[in-house]
Each structure stands twice: as structure tokens, then as C-alpha cells.
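Below is one structure; the comments refer to it alone.
The values are calculated or read from the model by the stated rules, or taken from the named source; none is laboratory data. In this text, all values refer to a predicted model and were calculated from it rather than measured experimentally. Cβ sites come from the backbone with ideal geometry, for glycine too, and all protein chains shown count toward neighbours. Side chains included, ligands, DNA and RNA excluded: accessible areas come from the protein's heavy atoms. Shrake-Rupley method; radii C 1.70, N 1.55, O 1.52, S 1.80 Å.
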Amino acid sequence: MPAASGVSTAAPGARTTAMVATASLSAGDTAWMLMASALVLLMSLPGLALFYAGMVRKKNILSTLTQVLAICAVVTLTWLACGYSLAFMPGNGWIGSLASVNLASVRFDKAAQLVSVHSLAPTVPEAVFVMFQMTFALITPALIVGAFAERIRFSALLWFMLLWSLLVYAPVAHWVWAPDGWLLQLGALDFAGGTVVHINAGVAGLVAAYMVGPRVGFGRVALMPANLSYTMIGACLLWVGWMGFNGGSAGAADSRAAMAVLVTQIAAATAALSWMVAEWVVRRTPTLLGLCSGVLAGLVAVTPASGFVSPDSAALIGLIAGLGCYWGATGLKRLLRVDDSLDVFGVHGVGGLIGALLTGVLADATIGGVQGDVGIQALAAGATVIYSATVTALLLWLVKVVVGLRVTERQEQDGLDLSQHGERIE
């Protein structure tokens with residue numbers, strides 16, 4: 001990283017942030033990372049919100065949009081308070097420190113022409129790094145919404161997401177991405193969040209679906225999506241935003257970012273077609289929902305590999321992800337007997353696992369400078385599964401005791417738009 005021109009917030013020998021001359025930064029890298037941050041924010045607002053809203057019933061569209069929007073607001077403030085510090089400040093292998101509570105490490109001295117940087121992105125201001133990583137912290141808990149859609153109390157959702165972002169997301173992010181994280185030290189590869197985001201959220205969603213319980217009528221009546229045009233628009237916004245998600249994880253406007261963007265596009269397209277073909281063969285009908293789900297499956301699976309693999313490997317990842325996540329959202333879902341309403345585990349959990357393991361097989365040292373190890377990838381995925389499942393269950397139990405988890409049967413039948421927010425679509 002650039003030579004420090006001020007006092008670092010890290011312990012001696014473990015410097016993570018430092019003040020440097022603004023002239024030492026890269027305008028190109030900074031511009032790209034600002035754009036990538038906006039693209040990833042677009043994935044949540046309105047991308048994910050619309051993707052989920054189109055798949056619920058009409059009486060729950062507004063509540064689904066509200067939940068995603070509220071999560072983004074809540075987690076922004078937890079990230080400010082201590083989420084960033086716990087995730088990216090030096091501490092030990094398991095958790096960071098409180099060295100940057102209220103973003104204390106983020107500095108800019110215009111008169112002295114000094115600015116703070118983080119060692120993981122030394123060519124851009126730390127404020128840009130904080131913002132980029134914040135967008136990941138926002139979308140990860142928001143993904144969980146799809147697992148218990150149409151039946152959770154709004155107050156329970158807010159408390160759960162606040163606690164989950166600090167006690168599950170931040171520690172796992174530290175394990176995998178912080179310089180002293182224990183999984184990073186072992187050599188685990190996760191370029192843009194296959195483990196931190198997708199396995200983490202997918203497993204939490206599965207646990208939440210079990211603990212909140214199935215929707216009224218699940219398995220007995222058709223719970224049909226209200227407006228798949230919303231879902232298609234949301235899927236396309238996710239697809240576009242994912243270029244920032246994966247490309248921005250290079251931390252610079254360079255050749256690796258370019259390759260990450262290219263392989264992201266290839267994997268998404270391949271998975272969309274493989275899901276479509278699987279659905280066509282099994283159900284005799286290709287659907288818009290299937291194509292949208294396939295796109296998402298490919299994006300999820302290529303995420304951990306995007307900075308490490310070649311275009312042909314990305315196509316293979318997309319092919320396997322489309323088929324694997326189709327099974328995850330259909331056959332596996334039936335085996336688990338769970339009302340994972342919008343297939344959070346089937347797509348994000350299964351897709352994240354596929355991507356994490358295939359990264360260990362397909363990582364190309366000429367692209368990413370590292371060789372993959374399937375055993376270490378499996379260890380990282382397994383540790384995340386166990387930790388996420390355990391702490392998620394504890395947090396849901398705590399929220400259930402304090403405020404209750406789900407709405408009454410009457411409130412559910414009326415719809416959450418009306419019963420939780422006093423609004424409805426006419």
C-alpha cells in the first residue's frame with residue numbers, strides 16, 4: 001500500500017488503514033469503484049425489491065418492497081456504527097475490532113491533501129471502499145426476505161436484520177476478506193461473495209423458513225406470483241448491477257475487473273439457458289420465471305470465481321449452476337419439505353455452494369495469481385453453513401421471544417400490505 005503520511009488506525013505490524021497523499025490515488029480506480037458501488041446499490045434498490053415483489057401475491061407486493069427498502073436503511077446505520085469496523089478492521093482471525101466505530105478511520109483533510117485508504121483498496125479513498133462494501137452488507141440480509149415472504153411481522157424483520165448484519169454478516173466477511181481472517185489465511189477463495197453473501201444468506205433463509213413456518217395454504221392451494229413482469233425487470237437490474245458486484249471486487253479499473261465482468265455475463269447467459277432447457281424437458285414448458293431464476297443462478301455461482309477463471313470455465317459454471325439450482329428450487333425443496341417462498345436456499349445456497357467448490361477446481365493462476373484447493377473451499381463453505389445456521393436460529397429464537405416472529409392467520413389472509421402497513425394496491 002502507499003507509504004503512510006499519518007497515523008494508522010491499526011496495530012503496529014498489522015496496518016490496515018493509513019493517511020496518504022491524495023495525489024497517490026488513482027482517479028480511474030476511484031471513478032470505477034464509485035460506479036461499481038452505485039451498480040451494486042441498484043441490485044438492492046430497486047432490483048431485488050422488484051424481483052421479489054413480482055413473485056408474491058398482490059396483497060403482499062408493497063410489504064415486500066417495504067421490507068427490502070427498510071433493510072437497506074437499517075443496515076446502512078449498522079455499517080456506520082460498527083459493522084464496517086467488525087468486518088474490516090484488524091482484530092483476530094474471527095472478528096475485527098472497534099477501531100473504526102462510526103467510521104472513525106475514514107478521514108479526508110483537504111487542506112493537507114491527505115486521505116485515508118484501506119490496504120485492500122490502496123488506490124481509492126477509504127470512503128469509496130466503505131461504500132462499496134456497504135452495498136454488499138445491504139443486499140445480503142435483504143436476500144433472506146424471500147425465504148419467509150408473506151408471513152413475517154415487520155418489527156421482527158427489523159430486529160432480526162439489525163442483529164444478523166452485525167453478528168453473522170460482519171464476522172463471516174472478516175473470515176473471508178479481512179487480511180487477518182482465518183479463512184483467507186488458509187487460502188479460501190471468494191472473489192466477490194459466493195461464501196460471504198450467497199451461502200451465508202441462503203443458509204440463513206433456509207433456517208428462517210423452517211422457524212417462521214409455512215404460509216397458510218402451502219402445499220394445498222396455488223400460491224401464484226402476482227406480476228412476473230416486475231420479476232423480469234428486477235432480474236435484469238440484478239444482472240446489470242452484478243457487473244459492479246463482481247467487476248468492482250477487483251478494487252481497480254484493470255484487466256482483472258474486465259475479465260470478471262466478461263465471465264459474469266457468460267455464466268449468467270449459460271445458466272439461464274440450462275435452467276430453461278431443464279424446465280422444458282421436465283415440465284414441457286419454458287417459463288419467464290425459469291429464465292429469470294436461471295440468470296440469477298449463474299450470477300450467484302460465478303461470483304466467488306469471477307476474478308479467478310477464464311471465459312470457458314465461466315460457461316461451465318453457468319451450465320452446472322442452471323441445472324443444479326433448478327433441482328435446488330424443485331426437487332431439493334420438496335425433499336426438505338420447507339416453504340422457502342422465493343427459493344433463497346435453492347438458488348443462493350445451492351448456487352453459492354456450486355460456485356465455491358468449482359472455484360477450487362477451475363481457478364486459473366494466470367488470471368488470479370492463485371491456485372484453487374477444493375478441500376479448503378469445502379471447509380470455508382462448511383464453516384459458513386454451520387455458523388450462519390446456528391447464529392441465525394439463535395437470533396430468530398430471541399426475536400420470537402421478544403416481539404414474535406409471524407403475523408396472525410387473519411393478518412396473513414388479509415395480506416401484509418394492509419395488516420402491517422395500512423396500504424394496498426387497488
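Quick notes on this one:
- Sub-6 Å Cβ pairs linking a first residue in the range 28-57 that is under 19 Å from L296 (Cα atoms) to a second residue that is among the charged types (D, E, K, R), at least 6 apart or interchain, are V56/E150, ordered by first then second residue.
- Output for the range 266-285, where each listed residue is open to solvent by 40 Å² or more (accessible area, probe 1.4 Å) and either more than 23 Å from T303 (Cβ to Cβ) or acidic (D, E) (or both): W280, V281, V282, R283, R284, T285
- Only one entry in A271, A258, A253, A278 is free of Cβ contacts under 8 Å to residues at least 24 places away in the same chain and more than 18 Å from the chain's Cα centre (by Cα), namely A258.
- Taken across the range 108-120, residues that are open to solvent by less than 10 Å² (accessible area, probe 1.4 Å), touching a Phe, Trp or Tyr at 6+ places or on another chain (Cβ under 8 Å), at pLDDT 95 or above and assigned to a helix (DSSP H, G or I) do not occur at all.
- Given (1) open to solvent by 60 Å² or more (accessible area, probe 1.4 Å); (2) free of Cβ contacts under 8 Å to residues at least 40 places away in the same chain, number of the condition L288 does not satisfy: (2)
- S388 surrounded by 16 or more Cβ atoms within 10 Å (Cβ to Cβ), out of contact with any Lys or Arg (no Cβ under 6 Å at 6 or more places or on another chain) and closer than 18 Å to L183 by Cα: yes
- Counted residues, the range 305-345 - those being touching a residue at least 60 places away in the same chain (Cβ under 8 Å), closer than 27 Å to Y210 by Cα and within 19 Å of the chain's Cα centre (by Cα): 6
- Any hit, the range 230-246, residues being more than 18 Å from A38 (Cα to Cα) and surrounded by fewer than 19 Cβ atoms within 10 Å (Cβ to Cβ): yes
- Positions within the range 330-353 being outside any loop (DSSP other than H, G, I, E, B) and surrounded by fewer than 24 Cβ atoms within 10 Å (Cβ to Cβ), in sequence order: G331, L332, K333, R334, L335, L336
- Residue match in the range 26-49 (condition: within 16 Å of H421 (Cα to Cα) and of a type in the set (D, E, K, R)): no
- Boolean, M35 is open to solvent by less than 20 Å² (accessible area, probe 1.4 Å) and either within 30 Å of L65 (Cα to Cα) or modelled with pLDDT under 95 (or both): no
- When the range 154-165 is limited to residues that are in contact with a Gly (Cβ under 9 Å, 6 or more places away or on another chain) and surrounded by 19 or more Cβ atoms within 10 Å (Cβ to Cβ), the one that is farthest from V40 (Cα to Cα) turns out to be A156.
- Residue that is open to solvent by less than 10 Å² (accessible area, probe 1.4 Å) and among the polar types (S, T, N, Q), where the choices are Q420, Q377: Q377
- Scanning the range 375-394 for residues that are among the hydrophobic types (A, V, I, L, M, F, W, C), out of contact with any Asp or Glu (no Cβ under 7 Å at 6 or more places or on another chain) and closer than 24 Å to F218 by Cα turns up at least one hit.
- Subset tally (residues that are surrounded by fewer than 23 Cβ atoms within 10 Å (Cβ to Cβ) and out of contact with any Phe, Trp or Tyr (no Cβ under 8 Å at 6 or more places or on another chain)) for the range 171-186: 4
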